[in-house]
Amino acid sequence: MAASAADRTRAAELRQALEYHNWRYYVLDAPEIPDAEYDRLLRELQDLEALHPELQTADSPTRRVGAPPLAQFAQVAHRTPMLSLNNAFSDEEVAAFDRRVREGSGLAEIEYAVEPKFDGLAVGLTYENGCFVQGATRGDGYTGEDVTGNLLTVRAIPMHLQGEDVPRRLEVRGEVLMLKRDFDALNAAQRTRGEKEFVNPRNAAAGSLRQLDSRITASRRLSFFAYGIGAWDDANPPATHAGVLAKLAAWRLPVNPERRVVTGVAGLLAYYRDMGAKRTALPFDIDGVVYKVNDLALQDRLGFVARAPRFAIAHKFPAQEEMTVVEDIEVQVGRTGALTPVARLKPVFVGGVTVTNATLHNQDEIDRKDVRVGDTVIVRRAGDVIPEVVAVVPSRRPHPSPQRYVILERHPVCPVCGSRVVREPGEAVARCTGGLYCPAQRKQALLHFASRRAMDIEGLGEKLVDQLVDQGLVGNPSDLYRLTPRDLAELERMGEKSAANLSASLKHSKHTTLARFIFALGIRNVGEATARDLASHFGSLDALMSADVERLVQVRDVGPVVAQSIVDFFLERHNRTVIQALRDAGVTWPEGPPTDLAGGALAGKTLVLTGTLPGMSRDEAKAKIEAAGGKVAGSVSKKTDYVVAGSDAGSKLTKAQELGLTIVDETGLLALLDGKRQ
């Protein structure tokens, strides 16, 4: 059958588009579309030429070679937390990681153990006297699910460790995964039975391991690789991470053969590129590589930050990308009042899921990428988790060109509560100013209001706040004081005694201090210390509420940005309404004349507390120091004036001694507070 005019036109369009994208990719080194879209265009042209050979031309792109915890499981507390790793996505971030390690260790060059980052499910295996006794999922890092019965069916996991020097008790950390060939076989069987296929090997492995019926797990071929230890009860484990893996291999635990030991940034990046080149040929899926300081003693010295180790990082491969169209841009108001622009997308399949929304982060990102409604964009699941718009495809922008999207023009007031939206100087994020009133911020505002250092409402935790808000009992903090014991007793898991205790705590919290109340309001950039300074400086809430930026910057440590945050908060009528409602509900505090801390006994001095004082808690000591005009810092430095050391003082005391700082005990602190300088 001869080609139609439409076929000829389409073939010409495809040849022109493919040549254009070849030019962008090979000549300009600036591709506009992801490889998957290029491949689709090429396949379409190949299909047309196969159906109508007369359409094939001598210069057709087809002739060129291109470069393309469930409740049903018992809970298991991990002896050592199974913490996640921070991620790096660029060579620069890897270099920064290496620099931090070198600076933290004092060494000129670091030796690293490197290995693939498996795309599976992390588990911990416990062995006692060499016998496998328990297996658990990672869970939230601290508590996982007991999946021992299912792990027993994974034949890669030895039931008994072989060899010498097996510890009395050993917890092995590793990854359960499904090899590509086993994944293909599983999906082939699913198709034969007319059942739903799995999207990718990771989903198949996770779903198989967390089956309540272990017979289902046994019917699916899972694999396992050990990558470390969580607990080792013997006194002399190996000195290096590589040594640990060698020991695990000697005991016949499966350890990945692609592991190596390298030195410095050059070694890290060479391994990353080598594994990237091997990625498609590997029998299993990986989504990056992992770098760990090889020396275990140095790992201990470097320690952890938040929920991740300082001594290790995951270097992720570029995420999978696809192309789609921005059908609209909307904003979502977060728990802290931040307005986050979200692109509503024509559905597209990326990284194993269908994506319909992607974050645009903030106005700066919208401007930098010049994203507009109607644009064709490249979408990526950043870190294989959060979909984001990577770039616009300029050649596909509609004509006439759509208007720029400006958040403050589209949303001068909050779309949720109608309060004003502001963008502070130097900040990328626009925020709703109705912190006490906005429904989007309601739960966060209530939790902060009730926190120990704010109004200290004991018993008002996250789950209870969820119930109060979800059932419409509380809309803002003032509503808390209208709750009756009966209202509280009717909530899930409360009971009369708990309701009475919470009711008493609410009643007690009505009598507070001005500093606590200011902090409880949740004003942006106003922390506990600033709240105390504001209370001391102004003496009354009304004086603070009427202050302008010029007066506010006269307060210690209050700059223009903080001052503007305070002004913006009190300019919002919704916040003033809630404050008045709190006063009407009986919330009171002592007020008095402004206090000048500049003349305090510790004015201008910085102190650090360490250890346990015999006659006062750390909070009490901190309050006394701040009341005397001093500042309490969390770490010791050359700028520290005094270190107050109690019993069981730790590394802060050692550092103070090394720096030759003045160290005092509780008696010395009391002398300082009385104005008797040392």
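Since every read-out is calculated from the coordinates, none of them should be taken as a lab result. Keep in mind that what you see is a predicted model, and the values were worked out from it rather than measured. Counting neighbours? That spans all protein chains shown, and the Cβs are built from the backbone with ideal geometry, glycine included.
When you count the other C-beta atoms within 10 angstrom of each residue and take the mean per peptide, 581-590, 2-11 line up highest first as 581-590, 2-11.
When Leu51, Leu468 are sorted by how many other C-beta atoms sit within 10 angstrom of their C-beta, beginning with the fewest, the order is Leu51, Leu468. In the chain, taking the dipole from charged Cβ atoms about the Cα centre, the farthest positive-side position among Thr433, Val567, Val133 is held by Val133.
Legend: calculated FRET efficiency, Glu528 to Asp233, from the Cβ-Cβ distance at R0 = 56 Å, rounded to 0.05, equals 0.85. Here the chain is assigned +1 on the Cβ of each Lys and Arg and -1 on the Cβ of each Asp and Glu. Its dipole about the Cα centre then comes out at about 560 debye. The amide H of Lys117, built 1.01 Å from its N in the peptide plane, has Asp287, Gly288, Val289, Val290 as neighbours under 5 Å, considering only residues 5 or more places off or on other chains. In the calculated pair-distance distribution of region 335-424, the portion above 16 angstrom amounts to 57 percent of the Cα-Cα pairs. Under 5 Å between amide hydrogens, built in the peptide plane, is the criterion, and for Gly230 it picks out Glu171, Val172, Arg173 among residues at least 5 positions away or on other chains.
Phi angles across region 393-408 convert, under the Karplus curve 6.51 cos²θ - 1.76 cosθ + 1.60 with θ = phi - 60°, into 3J(HN,Hα) values of 9, x, 5, 10, 5, x, 10, x, 5, x, 6, 4, 9, 10, 4, 5 Hz, Gly and Pro given as x.
Scanning residues 5 or more positions from Gln134 or on other chains, those with amide H under 5 Å from its amide H are Thr126, with H placed 1.01 Å from N in the peptide plane. Using the Cβ-Cβ distance between Ser540 and His508 with R0 set to 22 Å, the FRET efficiency from 1/(1 + (r/R0)^6) comes to roughly 0.45. Going Cα to Cα from Lys369, which lysines come in below 24 Å? Please leave out same-chain ones fewer than 8 positions away. Lys369 reaches Lys316, Lys346.
An oblate overall shape is assigned to region 500-604, the ratio a/c of its alpha-carbon gyration tensor axes (a ≥ b ≥ c) being 1.5 or greater and a/b not exceeding b/c.
Phi angles of region 650-655 translate, via the Karplus equation with coefficients 6.51, -1.76, 1.60 and θ = phi - 60°, into HN-Hα couplings of x, 5, 5, 5, 4, 5 Hz per residue; Gly and Pro are given as x. Residues in region 539-552 carry Karplus couplings, in order, of x, 9, 5, 4, 5, 5, 5, 9, 6, 9, 4, 4, 6, 5 Hz; the curve used is 6.51 cos²θ - 1.76 cosθ + 1.60 with θ = phi - 60°, and Gly or Pro positions show x. Basic side chains Lys and Arg get +1 at the Cβ, acidic Asp and Glu get -1 at the Cβ, and with that the dipole of region 353-500 about its Cα centre reaches some 400 debye. Quick one: grab the alpha carbon gyration tensor of region 439-584, order the square roots of its eigenvalues as a ≥ b ≥ c, and give me rounded if a/c is under 1.5, else prolate or oblate depending on whether a/b is larger than b/c. Here region 439-584 falls in the prolate category. When the Cα atoms of the chain are aligned to their principal axes, the ranges along those axes come out at 96, 75, 57 Å in descending order.
Only one residue of Pro347, His399, Gly374 has its Cα farthest out toward the positive end of the dipole of region 322-410, where Lys and Arg carry +1 and Asp and Glu -1 on Cβ, and that residue is His399. Simple point charges give the picture: +1 on the Cβ of Lys and Arg, -1 on the Cβ of Asp and Glu, and for region 75-316 a dipole about the Cα centre of about 540 debye.
Our estimate of slack between Asp466 and Asn203, defined as 0.36 nm per intervening residue step minus the Cα-Cα distance, is 91.6 nm. Using a ≥ b ≥ c from the Cα gyration tensor of region 598-673 (square roots of the eigenvalues), is it rounded, prolate or oblate, where a/c under 1.5 gives rounded and otherwise the larger of a/b and b/c decides, a/b for prolate? The shape class here is oblate. Directionally averaged projected area (region 75-316, Cα convex hull): 13.1 nm². By the Cβ rule of 4.7 Å, the chain holds the following cysteines without a possible disulfide partner: Cys131.
Using a cut-off of 12 Å between beta-carbons, work out the net charge of the residues near Trp232 (Lys and Arg +1, Asp and Glu -1, Trp232 not included). Within the 12 Å Cβ shell, the charges total +1. On a C-alpha basis, how far is the centre of region 619-651 from the centre of region 514-584 in Å? Whole number, if you could? Value for the Cα centre distance between the two parts: 26 Å.
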